[in-house]
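Q: Below: one structure in structure tokens.
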């Protein structure tokens, strides 16, 4: 199903989903700020903060950006981007550990 | 060898590591030549035999199956794998990783700046003096602290790297300003010097002679001028030079020592073999 | 043929009516027609190519005859007519920048991509015509900024086209121009590549499945993906370097720098290697941006002039895709000498060896297409054939540079210059010239002169090898690149005769381009008229319409019935757009 | 006769998307790489820094940034609601939600302005340290994206909305694309916020 051709009823159904996601995002924001005040060991803190951010980002992408029901062409393009993004993220690894 | 022979091919090699590198270069070029000649012969043959002419028509079946290219392709892959595993990896590992023991080697520091080299020897005690950025001035290009007990006998040699033959040398490279590249053509040594990092290289000369240091990375308007001298001496010659430097250092140290009145080794004047 | 003539006359009527509708500036300056924009890109790119080439011709004088005054025009640049080291470095940096970002890429991607891609997929225009207009003008502004930098107080950027910090950060103002210019050029490329991809994917006519795309369309799409996803890291790096220069940050400046005896007053803590990573993350894919359109053009021309199907079309396409993909994970082979450890160098050597495989497959499919063919020696075909061995030399010489051990000696020498110029000059540029000769009748309805074309070809092919072949020997001799005067070094002085020879060849190469420029200019009006709309017997969609194509490209609906390079049983080309065999 | 470009309002039956939608996703893909490069810069500089603040909250104002996060998340909801309103053929509701989105984005910028001026007041500039360099550059570039979004959204809410009368489907598609861009801006902030302020 494409949201490009959604009927009015389907849009209405979606609306509730948007509010639920909104609530979840607000909760996660509070959680991530709260965690930061615990002053956890740095590795754990980074892990938690990035995990929460990923969940939030995932929610935005999946529901607001409708990636949960997108067309194949968009998916394949995003997979490609994701892989190249991972390559890009090799730069810190190589810079920090490649010169030993 | 006083006057090295330079020409249109590899410069002479006087390094213990150089032969393997040269060997790889020549193996690769033979391979490239064979492959290219093969392709070229095939290409010229096609261009002549399949030219457009009356009575000749293209074979459009398109199903003509060739197996030779597949074998060539596999051959190339195998060759590349071999040159990686049996040539490049071991040589690189030897040059970059298997450093000689510092105790048996001569350790020098080479500091690059726009547009000069300073070679820093540790002196008799084998320990380098501290470097302080605030001491840097025209006569003390690396900011060597002569107050530091380790630094009292250190020798600074501008633009000239003198080394004894047949002894492993470890050069610790650093840059004061921009990226330079320490290039000893006859030693097959080339290393970028990234400011903020100290990168060691090692090499061992097999012959004496007078050669050059080049900067191989664009470092500004005087990049070309950034040429240093690289002299490989016999052990005796080297020791004589070293002692003379220390003597003149001692003579100057009767004056109050400070960074500013630092005695630096006199500049070698070499009539290059140009 | 009646169909064609019908289109032709129709097209003429139409373009007349458009001429009345739109004022001159809308039709030729701020046009949204992909064909006009393609030509704008082409003309601008040719101007920049000549400009960049001109810089090199001046540098070649200094290289051949160090510190001698340049005859006749030297006084324009310096008081004594000798090219100063400052100017030499500026010309060197700008030669690279202009040739790559303002010359070859706009010609291969901007001009050929814009003009041919919509035609080859059967579209009436690009998907976003206004965006297309915008991307040309953003490119134009970027070019103007680059040229303007020559007039800034201390001249243009002088830190090489790679702009390695810290040198580029402590350099004069020209570098700021360079960075701002680059931001414009990158933005233009990003807009253009979005347009290319959307056009190729969305506006395909009925029946044109992906595996029926002509090679050139595939090449352009892969190229567009490279531009789209590799350029942004350089844009980020450019912004960071601008911050370093203008806001005093230290992204690329480590602590403790002492420049000209003065401690640099910055916070420090940055990393010069970071720039190199971000730069080469773009600049390696950029090499394939330079070569892939050329590969596509050569494929089209070989397919038309061998009068048989292209050998191994699918293999070729998969190789192009794989090549594009792999180009993202080889970048650090440009940085082997920066002091990287064994693991990292092993990884990048391995990926570099892997990327050689698809390149060889591409070359092989073209070579095999020649077998059993009937080669028609048109001028574009001559250039396309010359591309093959030249590209082969360029590719093969990458081998000793891709292995760290041999790279120790060859890194940053003339060997590197020879290697990538073989890929880009007698490689890409020959292919682009072939493209000009091949599609000139499509664009203008007239042929370029055959005789002048052949003179151009033979002079060029000899001269260009005379320029670049000796570079391998210079590199072997250990002569570093970017030297103002190599005779200062003993090994440089020994190799100096090569430099003199190369310079003469470079000037000969310049002379060899005169018949080409004359031919291009005069044939527009006086060239031999084409007799049919499809003078070469092409099988792809751009030949389905009139030459030159009308404003909306296709006046009657087109449909695709088969792959791009097929032939009927009686050995006649079977265009994609013709239903009956 | 003029040039006809298909699939500007209705999706291409083969790919299932409109031109604009594919285009905006491609653009966002390049944006991912742009911010990716900046994040890798952040990781490198942070890992090798000597004077990086132990916690972002020591030097940055977390409550204000949290408020900003809430603003952006809310604006993401309002913009998707504005799109949904168009789907339900309600132009007024669309304008209401779009107006809210723009208001919230202005709120974000105003707070950002206070944050910046307080930093400048304490003489903390991009040149102070690599931390501030990263902070100002990344939030600055993100801020530019916010400004770009505001301009687009204002246009679509005002003069651009005339298209609703002539080509409603195409206009709805435009709002969807503007929404996708805006969600992306939100998404970048979702990662920037912990990376700079909380860690």
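Q: Label region D:17-126 by shape, choosing from rounded, prolate and oblate, from the square roots a ≥ b ≥ c of the eigenvalues of the Cα gyration tensor; if a/c is under 1.5 it is rounded, and otherwise prolate applies when a/b is larger than b/c, oblate when it is not.
A: oblate
Q: Neighbouring Cβ atoms within 10 Å as the yardstick, rank C:505, A:27 fewest first. Numbers along the way, then the final one.
A: Details: C:505 21, A:27 11.
Sorted ascending by nearby Cβ count, the order is A:27, C:505.
Q: Still on this structure, please answer the following. Using alpha carbon centroids, what distance separates region A:41-79 and region C:310-327, in Å?
A: The distance from the Cα centre of region A:41-79 to that of region C:310-327 comes to 32 Å.
Q: What ranking do B:193-199, A:41-47, C:122-128 get when scored by the average of other Cβ atoms within 10 Å per residue, highest first?
A: The peptides rank, most packed first, as C:122-128, B:193-199, A:41-47.
Q: Hey, how many Å between the Cα centroid of region B:172-240 and the Cα centroid of region B:102-156?
A: 16
Q: Of all alpha-carbon pairs in chain B, indicate the percentage at a distance above 27 angstrom.
A: 51
Q: Provide the convex hull volume over Cα atoms per residue for region C:222-318, in Å³.
A: In region C:222-318, the Cα convex hull volume per residue is 124 Å³.
Q: Based on Cα positions only, what radius of gyration and what Dmax would you give for region C:473-581, in angstroms?
A: Cα-based Rg and Dmax for region C:473-581 come out at 25.4, 71 Å.
Q: For region B:80-174, evaluate the Debye formula with one uniform point scatterer on each Cα (no solvent term) and list log10 I(q)/I(0) at q = 0.14 Å⁻¹, rounded to two decimals.
A: Log10 of I(q)/I(0), two decimals: -0.61.
Q: Right, here's the next one. Mind giving me the nanometre distance, one decimal, between the label points for residue C:508 and residue B:47, set 7 Å out from Cα along Cα→Cβ?
A: The modelled label-to-label distance comes out at 1.7 nm.
Q: Normalising by the residue count of chain C, find the relative contact order in percent from Cα pairs under 8 Å and 6+ residues apart.
A: Relative contact order for chain C comes out at 17 percent.
Q: Applying a 10 Å radius around every beta-carbon, put C:549-555, C:151-157 in order of their mean neighbour count, most first.
A: Answer by packing, highest mean first, reads C:549-555, C:151-157.
Q: When all alpha-carbon pairs of region C:140-244 are counted, what percent fall beyond 25 Å?
A: When every Cα pair of region C:140-244 is considered, 36 percent fall beyond 25 Å.
Q: Let me have the 222 nm mean residue ellipticity of chain A computed from DSSP H runs of 4+ only, each contributing -39500 (n - 2.57), with the sum over all residues rounded to the nearest 500.
A: Numbers: 4 runs with 73 residues, N = 100.
Rounded to the nearest 500, it is -25000 deg cm²/dmol.
Q: Let me ask you something else. Taking the 0 to 90 degree range and rounding to the nearest ten, how far is the long axis of helix C:272-306 tilted relative to the main principal axis of chain C, both from C-alpha atoms?
A: 30
Q: Follow-up question, since we're still on this one. Using only C-alpha positions, report the orientation-averaged shadow area of the convex hull of chain C, nm², one decimal. Walk me through the intermediate numbers first.
A: Working: hull surface 106.8 nm².
Convex hull of Cα atoms, orientation-averaged projection: 26.7 nm².
Q: Using only alpha carbons, build the gyration tensor for region C:53-153 and give me the equivalent ellipsoid semi-axes, biggest first, whole Å. List each step's numbers first, then the result.
A: Details: eigenvalues 291, 42, 15 Å².
After scaling each eigenvalue by five and taking roots: 38, 14, 9 Å.
Q: On to the next question. Taking the highest mean first, how do the peptides C:99-112, B:35-48 order by number of other beta carbon atoms within 10 angstrom per residue?
A: Descending mean neighbour count gives C:99-112, B:35-48.
Q: Right, another one. Based on the Cβ-Cβ distance of residue A:13 and residue D:111, what FRET efficiency does E = 1/(1 + (r/R0)^6) give at R0 = 45 Å, to the nearest 0.05?
A: Working: r = 35 Å, r/R0 = 0.77.
Computed FRET efficiency for residue A:13 and residue D:111: 0.85.
Q: 222 nm [θ] for chain B, helices only, -39500 (n - 2.57) per DSSP H run of 4+, per residue, to 500?
A: For chain B, the value works out to -9000 deg cm²/dmol.
Q: Under the definition of partner shielding as Cβ atoms of other protein chains within 10 Å of a residue Cβ, what is the mean value for peptide D:137-143?
A: Going residue by residue through D:137-143 and averaging, the value is 2.
Q: Taking the 0 to 90 degree range and rounding to the nearest ten, how far is the long axis of helix C:342-370 tilted relative to the main principal axis of chain C, both from C-alpha atoms?
A: Once rounded, the angle reads 30 degrees.
Q: Moving to a separate point now. How large is log10 I(q)/I(0) at q = 0.17, 0.22, 0.23 Å⁻¹ when the Debye formula is applied to the Cα atoms of region C:415-534, each weighted equally and without solvent?
A: Taken in order of the listed q values, log10 I(q)/I(0) reads -0.84, -1.15, -1.22.
Q: Another one. Averaging over every viewing direction, what projected area does the convex hull of the Cα atoms of chain D cover, in nm²?
A: The number I arrive at for chain D is 13.3 nm².
Q: Over chain B, what is the relative contact order in percent, taking alpha-carbon pairs closer than 8 angstrom and at least six residues apart?
A: Averaging sequence separation for qualifying contacts and normalising by length gives 22 percent for chain B.
Q: What is region C:303-370 by shape, rounded, prolate or oblate, if you read a ≥ b ≥ c off the alpha carbon gyration tensor as root eigenvalues and call it rounded for a/c under 1.5, prolate for a/b larger than b/c, and oblate otherwise?
A: It comes out prolate by the Cα gyration axes.
Q: In vacuum, with every alpha carbon of region B:1-155 counted as one equal point scatterer, what does the Debye formula give for log10 I(q)/I(0) at q = 0.14, 0.18 Å⁻¹? Two decimals, please.
A: -0.98, -1.18
Q: How many partner chain Cβ atoms sit within 10 Å of a residue's Cβ in peptide C:329-336, on average, as a whole number?
A: Details: counts 5, 0, 4, 5, 0, 0, 4, 4.
Counting Cβ atoms of other protein chains within 10 Å of each residue's Cβ and averaging gives 3.
Q: Over the Cα atoms of region B:18-96, how large are the radius of gyration and the largest Cα-Cα distance (Dmax), in Å?
A: Over region B:18-96's Cα set, Rg and Dmax evaluate to 19.1, 63 Å.
Q: Let me ask something else. Can you work out the PRE-style zone for residue B:57? Point 7 Å along Cα to Cβ, and I want the residues of region C:283-307 with backbone N under 18 Å.
A: Within reach of a label on residue B:57: C:305-307.
Q: From zero outward in steps of 5 Å, how is the percent of C-alpha pairs of region B:147-228 spread across the bins?
A: 3, 13, 21, 25, 19, 12, 6, 1
Q: Give me the distance in nm between label points sitting 7 Å out from Cα along the Cα-to-Cβ direction at residue D:67 and residue B:99, one decimal.
A: About 5.5 nm, to one decimal.
Q: In peptide C:274-285, what is the residue-averaged number of other protein chain Cβ atoms found within 10 Å of each Cβ?
A: Across C:274-285, the average partner-chain Cβ count within 10 Å equals 4.
Q: Can you report the principal axis dimensions of region B:59-117 using only the alpha carbons, biggest first, rounded to whole angstrom?
A: The Cα atoms of region B:59-117 stretch 70, 32, 9 Å along the principal axes, largest first.
Q: Right, next: Is it possible to state the helix-based mean residue ellipticity at 222 nm for chain C, with each DSSP H run of 4+ residues giving -39500 (n - 2.57), the sum divided by total residues, to the nearest 500 deg cm²/dmol? What is it?
A: Value at 222 nm, helices only: -21000 deg cm²/dmol.
Q: May I pose another question? Using only Cα atoms, what Kirkwood radius does region A:3-69 have, in angstroms?
A: 13.4
Q: Kirkwood Rh, region C:366-424, all Cα pairs: how many Å?
A: 13.1
Q: Rounded to the nearest whole Å³, what is the per residue volume of the convex hull around the Cα atoms of region B:106-252?
A: Spread over its residues, the Cα hull of region B:106-252 gives 103 Å³ apiece.
Q: Continuing with the same structure: Label residue D:170 and residue D:50 with points 7 Å out from Cα along Cα→Cβ: what is the distance between them in nm?
A: 6.1
Q: What percent of all Cα-Cα pairs in region D:1-73 falls in each 10 Å bin, counting up from 0?
A: In order of increasing distance, the bins hold 15, 21, 27, 17, 13, 7, 1 percent.
Q: Bin width 20 Å, alpha-carbon pairs only: give the P(r) of the protein assembly as shown as whole percents, running from 0 to the bin holding the largest distance.
A: 11, 39, 35, 14, 1, 0
We did not get these values from a lab; they are worked out from the coordinates using the rules stated. What you see is a predicted model; the values in this text were computed from it and never measured. Methodologically, a virtual Cβ is constructed for each residue, glycine included, from the backbone with ideal geometry; neighbour enumeration extends over all protein chains shown.
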